[in-house]
Each structure stands twice: as structure tokens, then as C-alpha cells.
Amino acid sequence: MGKRIAIGLVVILLIIFSVLILFRANEDTWICDNGQWVKHGNPKSPMPTKKCVDKAPTVTQKSENISLDSPKANAKVSIPFVVKGSARVFENQLNYRILDSKGNKVLEGSVYADAKDAGQFGPYEITVSGLTLKEKITLEVFDYSAKDGSEIDKVVIPLTLQ
């Protein structure tokens with residue numbers, strides 16, 4: 001008897017899940033991508049009338065322990081380009097990441113700041129190469145917390161690759 005109840009519950013859950021998927025497949029969704037509306041789902045509804053504006057990343061050129069001197073936010077850059085700044089981070093190591101216009105990680109790495117002593121700022125330089133994108137990107141420079149591994153002192157700027 002208990003086995004039949006369990007099988008019945010599984011069947012009911014599968015039916016509910018299937019119905020939810022069917023409703024989701026017919027859902028009408030418009031997504032703003034690079035300043036243009038892109039339609040996903042049911043083609044019957046009209047395009048939204050409001051202006052399509054991509055969600056811009058929060059721009060932070062400097063944090064308490066990391067500064068990014070060049071390039072500046074919203075700059076147009078060509079591959080290869082050089083990122084310069086200064087940092088005061090644990091063991092002089094900091095990290096960087098480049099995200100494409102959809103937020104996908106396309107490049108990441110680490111670099112060392114050249115600080116003369118612990119607790120002092122030192123310059124760092126990153127040469128970004130090997131990308132074939134021609135779009136808006138986001139550059140992030142940050143440190144990982146020695147305490148819990150979370151990202152700290154993150155500097156974030158949008159750039160345009162040409």
C-alpha cells in the first residue's frame with residue numbers, strides 16, 4: 001500500500017512539473033541585448049515600447065585597497081590592451097576577470113603588485129590579449145579574502161572592445 005502511494009505522488013509531481021514546463025515554454029519574454037530587444041518564446045505579443053537599455057555594471061574605479069588607473073571606465077580599447085593600477089593586498093597577489101556583454105567569463109587570471117613592503121601599495125600591470133570579441137565587456141580586478149575566500153576590494157569598469 002505504501003509503495004502505491006509513493007508511486008502516485010511521483011506521478012502527480014511529474015504531471016505538475018510537465019505542466020509548469022509547458023507554461024514556461026509558451027511564456028513571452030523580451031530581453032534587452034546590446035541596446036536591442038530580442039524576443040524569446042511566443043511570437044504573438046508586440047515588442048515593448050519602452051527604450052531598451054542594457055543593465056550597466058556598477059562602476060568602481062577604486063576600492064580601499066585596489067585602484068585601477070587605466071583604462072578608464074567606458075574607454076574603447078583594442079586587443080591587446082594594458083591594465084595598470086596599484087594594490088595593497090595579501091601577499092601582493094590580486095585577481096582579474098573579463099566578462100562579455102552577457103556576463104559570461106571570457107578571461108581570468110592573477111597578477112602580483114610590486115609593493116616594497118607588507119601593507120604598502122605597489123603597482124601592477126596586466127596585458128590583456130587573446131580575445132576576439134568586438135563588444136562591450138566588463139573588467140573586474142579584486143582580491144580573495146584570506147578569511148573566507150569571498151571577493152573583496154572589487155574594482156569594476158565597463159569597456160568596449162573595438
Worksheet item: Could you list, in sequence order, the residues of the stretch 121-162 that are small (Gly, Ala, Ser) and surrounded by 11 or more Cβ atoms within 10 Å (Cβ to Cβ)?
Response: Gly122, Ser145
Discussion item. Which pairs turn up if I take residues in the stretch 95-108 that are farther than 24 Å from Ala146 by Cβ and look for partners that are aromatic (Phe, Trp, Tyr) and at pLDDT 90 or above with beta carbon separation below 9 Å, at least 6 apart in sequence or on another chain?
Written reply: Leu107/Tyr96
Fill in: Single match in Ala118, Ala113 (criterion: at pLDDT 95 or above, small (Gly, Ala, Ser) and either exposed (fewer than 11 other Cβ atoms within 10 Å of the Cβ) or in contact with a Ser or Thr (Cβ under 8 Å, 6 or more places away or on another chain) (or both))
Ala113
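The values are calculated or read from the model by the stated rules, or taken from the named source; none is laboratory data. Being a predicted model, the structure only gives us computed values, none of them experimental. A quick note on method: Cβ atoms are made from the backbone with ideal geometry, for glycine too, and the neighbour counts reach across all protein chains shown.
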